[in-house]
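Here the structure comes first, spelled out in C-alpha cells, and everything after it is commentary.
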Amino acid sequence: MVLDAKFAKQFTELGHDTSTPMLTLFEGENSASETIRFIEEKGSAGLWIWDLKARKSEWSRGLFALLGLQPGEAEPSNELFESLTHPEDRRPAGQINHIIAHALPINRTVRIIRPDGRIRWLQSHAEVLVDGNGVPFKVVGVMFDVTHHHERLQLLQVAGDRFNALVKALRAAIWTARPDGRVVDSFNWTELTGESPEAFLGTGWLDLVHPEDRQHSIEAWQTALANKTTYEIEHRARNADGEYRWYKSRALPVLNTDGSVREWIGVSVDITAAKTWPTPQEANQPLTGAQIRAARGVLNWSVRDLAETAAVSGSTVRRLEETDGPASPSEAAIPALRRAFEKAGIEFIFPPEGKPGLRPR
C-alpha cells in the first residue's frame, strides 16, 4: 500500500497535540499529501509505517523511489527492505524485535542495492509508538538519501590515505606550531624517529637537535617567527636509539585575513642518505654490466674502442656487458675499465637507494 495523505492523517499519532494542525505548504483538500510529496521530492526522502498488530507495512511514493521500486510492484515489508540492504549492513537476527519490544528509537544508516544494481546510502529515523498500556503497536519513520554525503566522506578518506602514504614514503614528519612557535602537533614523528610525540612538542624538539646544530636552528626559527617568513634549515636530530640523522626542516606561516599568523605548518624530511653520500667506499664498488654499456653509449665508444683504451680483450668487455648486475669483485678487468672511463670524463655513482648509475663530469 502507498502512503500519501494517510501518513499526514496519522502524523498526530507521533505525540503531537491534535488540536494543533499539521504545518502544510499548500492549500486545498490535498494540502497535507501535497506537502508530504514536496518534502519527499526536494529532500530525497521517504516515509513509512509498520503496523505491528496488523503485521503490515505502508511506504510512501518517495520511499519506493529511494529503493528503486514502483508502487504496487512489491508488497512493503521489513523483510523486503532487509533483502535490499547490503549484506554487510543487515541487522543481526532478533535485533529489530529487541528494539520494538523496548520501544527504542531507530537511527540507522545502510547501503541499499537497488534492483538495477545501483548502491545508495539511506539514513532512517523512526519511533516506536506504544498504547496506553505501554505496548508497542506501530513504528513510524522517515528515510533520507545520504549517498552524496558518504561519497564526499569516501573522497576525504581516499585523500587522507594518500596523504599518509606520501608522508611515510618521503620519510617525513608533518608538524604544526602556534604563532609563538611552540609545536602543538606532529604526524609520523614517532614512526620516523621512535621518539614519543611529547618529546617533540612545545620547545622539546630543540633538545633532540644535535648540540652543534642547535644554536643555528634557534636563530633561524626566531628569524622566521619575527618576520613571518619561511623557515628552512638542515640539521641533525636524535632518534630514540641515540643515533643522529639529518633532516631538512621547512615551515610556512598560515596567515589570518588581517595578516597575523594563525599557525605554522612544517615538514621535516630525512635526508641522511643524501648528506652522507657519496662514500669513500664507492671507489671499490664493482661496475655493473648496465653501467659499462651506458658509459660506452655516452662516449659513443664501440667494444673495440673500450677494449683498446683499457687494454683488455673485446671478449671480456662483451662478457661483462651480458648482465645488468655487478661484476665479481675479483674481476681483474674492472679497475682498468673504470680508469679508462673516468679518464674520458665518466663518473660512476652508487646511490644508497636505487640502481647504480653514471653521469658525465
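Computed from the coordinates by the stated procedures, all read-outs in this text should not be read as laboratory data. Everything quoted here is computed from the prediction, not taken from an experiment. Cβ placement follows ideal geometry from the backbone for every residue including glycine, while neighbour counts extend to all protein chains displayed.
Here are a few things to note about the model shown:
- All other residues whose Cβ lies under 11 angstrom from that of Leu52 are scored, Lys and Arg at +1 and Asp and Glu at -1, for a net of +2.
- Pairs of lysines in the chain whose Cα atoms sit within less than 25 Å of one another amount to 18, provided the residues are eight or more positions apart or on different chains.
- Taking 10 °C and 1.306 mPa s as conditions, region 219-316 diffuses translationally at an estimated 86 µm²/s according to Stokes-Einstein applied to its Kirkwood radius (Cα pairs).
- Local charge for His210 was computed over the other residues whose Cβ lies under 13 Å away, with Lys and Arg +1 and Asp and Glu -1, and equals 0.
- The stretch between Glu232 and Leu153, if pulled fully straight at 0.36 nm per residue, gains 25.0 nm over its current Cα-Cα span.
- Distance between the pseudo-spin-label points of Lys355 and Leu252 (7 Å out from Cα toward the beta carbon): 3.5 nm.
- Quarter the surface of the alpha carbon convex hull of region 170-275 and you get the mean projected area, 6.3 square nanometres.
- Pair Ala240, Arg182: separation of 7 Å Cα→Cβ label points (nm): 2.6 nm
- Over the C-alpha atoms of the chain, the Rg to Rh ratio, Rh being the Kirkwood estimate, stands at 1.28.
- Most mobile listed residue (Leu156, Leu67, Leu287) in the chain, GNM with C-alpha springs under 10 Å: Leu287
- Computed from phi, the 3J(HN,Hα) profile of region 161-175 under the Karplus parametrisation 6.51, -1.76, 1.60 (θ = phi - 60°) reads 5, 5, 4, 4, 5, 5, 4, 5, 5, 7, 6, 10, 10, 9, 9 Hz, with x in place of Gly and Pro.
- Amide H partners (placed H, <5 Å) of Phe137, local residues excluded: Leu129, Val130, Asp131
- Listed residues Leu153, Leu306, Leu170, most fluctuating in the chain (Gaussian network, C-alpha, under 10 Å): Leu306
- Summed side-chain charge close to Trp264 - residues other than Trp264 whose Cβ falls under 10 Å, Lys, Arg +1, Asp, Glu -1: +2
- Karplus-derived 3J(HN,Hα) values for region 144-152, using 6.51 cos²θ - 1.76 cosθ + 1.60 with θ = phi - 60°, are 10, 7, 10, 4, 4, 4, 5, 5, 5 Hz; glycine and proline are entered as x.
- With the cut-off at under 12 Å, measuring from each backbone N in region 286-306 to a point 7 Å along the Cα-to-Cβ line of Arg318 picks out 303-304.
- Residues Arg61, Arg319, ranked from the fewest to the most other C-beta atoms within 10 Å, line up as Arg319, Arg61.
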